[in-house]
Amino acid sequence: GMAAAVAAYFMVAVMMVFAKLLSDHMHLLEISFYRNAVAILPFLLYILITGKRQILVIRKNKGGVFLRAAIGFVSLFLTFGAFASMPMADATAFLFISSLFMPIMSVLFLKEKVGIYRWAAILCGFVGAVIMAMPTGGVNYVGIAFAVSAAVLHAVLGTLLRHLGKTERPETVTFYFVFIGALMGAIPMFWIGHIPDPSLWLFIAALGLAGVVTQYLLSTAFKFAPASLVTLFNYTGIIWSTLFGWVIWQD
């Protein structure tokens, strides 16, 4: 669970790099749609080649799987908006607010126990991550609104993932996340969609693949580890976000 969490938060940073690069050329809703549409392809290819359809079978909690997918699409849009509006380190620092909400939700809804040492680690990690991020001041109210809203939904999604992990396979949860997200994202494409420039296709493919790997790793992490433990590894994302922001955008 911990290994999957570390890998997942690295892939989150990779995904946000491509989303931020694409935000200069595409609407946020387009980015959200392509992220999910591309992510469906590996699943369809797997089903076509192997003929195995177990991945489509929801064992018990259909409502939870569909709810998580719908909230996930909104969360994805808000997250992309945060990274498009602010430097990567600033957006990441604001998104760490989810690390404070998730343990609270895990106690209230999952009846998990969070001891004083883990609470201390969560709070110290939050303070340390903000210091490490050294926010540039290049923020705005729109970006803050995107980031804080996304952070709250991230906490909700983490709680749902932990709950779904008790009955559902990670690959099933991931499939329906990208499938329903693509369907929701397809609706506004009738009005704002356009064929991307060929120079952007590689970025779109990388965005979608990073997204599907991220979701699978997160589903695996929450399946095998308590939500309050997984959220600690969220802080490792500041390393990658700061590094990518420095190398690519000279933040």
Practice prompt. Just grab the label-to-label distance for residue 194 and residue 25, each label 7 Å out from Cα along the Cβ direction, in nm (one decimal).
Written response: 1.2
Worksheet item: Sorted by average packing, counted as other Cβ atoms within 10 angstrom per residue and highest first, what order do 173-183, 191-201 take?
Response: 173-183, 191-201
Item to complete: Treat every Asp and Glu Cβ in the chain as -1 and every Lys and Arg Cβ as +1, leave all other atoms uncharged, and give the resulting dipole magnitude about the Cα centre to the nearest 20 debye.
Response: 1160
Item to complete: Between residue 52 and residue 239, with labels modelled 7 Å along Cα→Cβ, what's the label distance in nm to one decimal, could you check?
Response: 3.2
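Against the empirical 2.2 N^0.38 Å scaling, what ratio does the C-alpha Rg of segment 1-58 come to? Could you put the intermediate results ahead of the total?
Details: Rg = 14.9 Å, N = 58, 2.2 N^0.38 = 10.3 Å.
Cα-based Rg divided by the globular estimate yields 1.45.
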Discussion item. From the C-alpha coordinates alone, can you work out the Kirkwood hydrodynamic radius of segment 57-198, in Å?
Written reply: 16.8
Item to complete: Whole number in Å², please: accessible area per residue of the chain, 1.4 Å probe, ligands, DNA and RNA not counted.
Response: 47
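Students often get this wrong, so check it: of 52/111; 20/166; 52/223, which have C-alpha atoms separated by over 24 Å?
Details: 52/111 36 Å; 20/166 34 Å; 52/223 22 Å.
In this structure, 52/111; 20/166 lie more than 24 Å apart at Cα.
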Response to the item:
Calculated from DSSP helices alone, with each H run of at least 4 adding -39500 (n - 2.57) and the total divided by the residues of the chain, [θ]222 nm to the nearest 500 comes to -26000 deg cm²/dmol
Practice prompt. Treating the Cα atoms of segment 144-213 as identical point scatterers in vacuum, please give the log10 of the normalised Debye intensity I(q)/I(0) at q = 0.20, 0.26 Å⁻¹, two decimals.
Written response: -1.12, -1.20
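Which length gain, in nm to one decimal place, applies between residue 71 and residue 246 when the Cα-Cα distance is subtracted from 0.36 nm times their residue separation?
Answer, rounded to one decimal: 59.9 nm.
Report, to the nearest whole %, how much of the accessible area of segment 123-232 belongs to carbon and sulfur atoms, 1.4 Å probe, protein only. Please list the in-between numbers first.
On the way: 3980 of 5050 Å².
Its accessible area is 79 percent carbon and sulfur atoms.
Starting from 0.36 nm per residue, how many nanometres of slack lie between residue 117 and residue 41 once their C-alpha separation is accounted for? Kindly include the intermediate steps, with their values, before the conclusion.
Values: separation 76, 0.36 × 76 = 27.36 nm, distance 4.27 nm.
So the chain would gain 23.1 nm between residue 117 and residue 41.
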Worksheet entry | Fraction of accessible area attributable to carbon and sulfur, segment 1-57 (%, probe 1.4 Å) | 72
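List the residue ranges in the chain for DSSP H helices whose C-alpha atoms run 24 angstrom or more along the long axis and whose Kyte-Doolittle average is -0.5 or above. Kindly include the intermediate steps, with their values, before the conclusion.
Working: long enough: 2-22 (30 Å, 2.14); 28-50 (35 Å, 1.61); 62-85 (35 Å, 1.38); 116-133 (25 Å, 1.81); 141-164 (34 Å, 1.57); 170-192 (33 Å, 1.44); 201-224 (35 Å, 1.45).
TM-like helix candidates: 2-22, 28-50, 62-85, 116-133, 141-164, 170-192, 201-224.
Find the eigenvalues of the gyration tensor of the Cα atoms of segment 1-124, then list the square roots of 5 times those eigenvalues as equivalent ellipsoid semi-axes, largest first, in whole angstrom. Each step should come with its number before you reach the end.
Working: eigenvalues 152, 117, 38 Å².
Equivalent ellipsoid of segment 1-124: 28, 24, 14 Å, largest first.
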Worksheet, complete the sentence: Residue separation between residue 201 and residue 142 times 0.36 nm, minus their alpha-carbon distance, gives in nm 18.4 nm
Worksheet, complete the sentence: Taking R0 as 25 Å and r as the Cβ-Cβ distance between residue 224 and residue 108, the FRET efficiency 1/(1 + (r/R0)^6), rounded to the nearest 0.05, comes to 0.70
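The values are calculated or read from the model by the stated rules, or taken from the named source; none is laboratory data. Treat the numbers as computed from the prediction; the structure is a model and nothing was measured. Glycine also receives a Cβ, built like all others from the backbone with ideal geometry; neighbour counts cover every protein chain displayed. Ligands, DNA and RNA are excluded from the accessible area calculation, which covers all protein heavy atoms including side chains. Shrake-Rupley method; radii C 1.70, N 1.55, O 1.52, S 1.80 Å.
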